[in-house]
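In what follows, a single structure is set out as structure tokens and then discussed.
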Amino acid sequence: MTRLSEENTENLIRESLEHLATRAPDGAEIRDALAERPRSRSRMSLALVAAAVAIIALGVPLGLRAFTAVPPAAQRNADWAVLPYKPGWLPDGFRETSRSAKPYPAPQMREWGGGEFGQIQLTSTPLSDERTGPWKVAPAPDQIVVRGKVGMAVEVYGQGMMLTWSPDDVYLLTLRLLNVKDPRATGERIAEEMVPDNRARVSGELRFGRVPAGLELSGVKTFMKVSGGVTELEATQAGQPLSAAVVTASLSGEPPEPDGTEPVPLKVRGRDGRYFPERDGERGHQYGVVAVQLEGGRWLAVSGKPDQATLLDIADTLQIVPGDYGWFGKAPE
């Protein structure tokens, strides 16, 4: 966004609020307030910026503020594997396909697929002091009102829409609609009918045992392939859940691909396994992978930056537990 003069910024905010006043609750009161121009332009600018509008910083949605009365803020889930929101309505044919979560302050995500009708992705990000700024004003055509709270809708990749709003001053919701018919209208209806969940979990089949010092669990993802359910775990540097994974573990029905390297035989969890050395292949740079086929035919794989011995120790100490894929292929309930 180019830097705007104080006067242009004030005009843009005024235009935006006039636009929203015709759609939001208590519109008459808002228009009356706008008609009274304060003596101090700087005070007016600060008040208006604090009062409304969706924000985007460096292309990433950071936070929202409401200028209308809203219910008290909901409590953030202490358990980051619990998904806080779900759509109360989706177009016919959309079924849930994946769930993933990371510790605070990272986001939680769930997706629904509709085949040829497109894809819908919901991201729930806990708000924090760091995410309330810097503020940038969305142009009036991009603004939406969701249950009396200001949000924003913008095109993404020329294929659909991204809607961003905060339903409770605790979570920032981002809804992405790709290849969906009439995405803005559909997205606004989904947003209006979004409801708290707080029961759905990201519950996979793996738990880390030992990991190298300084690393900790930073993400869980569950989804389904033709070969069955898949669980993926990530570990990053402690306290940095948003950083790139240092170690990844997965349990699925498919073996890792050699991708231009010869596997080295080794024992993993008392079974005949293999180690794929770090290499550059058709899929780009690949870290080393320790893999073994378990009883029942499924594959356990651990990959990442550590050496072979460390990856083997992680694989040997992983816990395999019952997972939950009962939500897969279902519409919101």
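Bear in mind that the values in this text are calculations on the coordinates, not laboratory data. Given the structure is predicted, the values throughout are model-derived calculations rather than measurements. In this analysis, Cβ positions are derived from the backbone assuming ideal geometry, glycine residues included, and neighbour counts consider all displayed protein chains.
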Taking the Cα centre of each part, how many Å lie between the range 84-131 and the range 216-283?
-> 24
When you count, for each residue, the other Cβ atoms within 10 Å and take the mean per peptide, how do 75-82, 160-167 rank with the highest first?
-> 160-167, 75-82
Quick note on GLU333, GLU295, GLU96, ordering by fewest other C-beta atoms within 10 Å, gives GLU295, GLU333, GLU96
In this structure, the FRET efficiency calculated for LYS181 and ALA238 from their beta-carbon separation, with R0 = 41 Å, to the nearest 0.05, is 0.35
Give the Rg/Rh ratio for the range 206-303, taking Rg as the radius of gyration of the Cα atoms and Rh as the Kirkwood radius, to two decimals.
-> 0.96
Dipole of the range 206-320, positive direction: furthest Cα of ILE320, TYR287, VAL211, with charges on the beta-carbon | ILE320
Order of TYR275, TYR171 - criterion: other Cβ atoms within 10 Å of each residue's Cβ, fewest first | TYR275, TYR171
Among THR97, THR186, which comes first, then next, by fewest other beta-carbon atoms within 10 Å?
-> THR97, THR186
With x for Gly and Pro, the residue-by-residue ³J(HN,Hα) of the range 302-313, computed from phi through the Karplus equation 6.51 cos²θ - 1.76 cosθ + 1.60 at θ = phi - 60° and given in whole Hz, is 10, 9, x, 6, x, 6, 4, 4, 5, 4, 5, 5
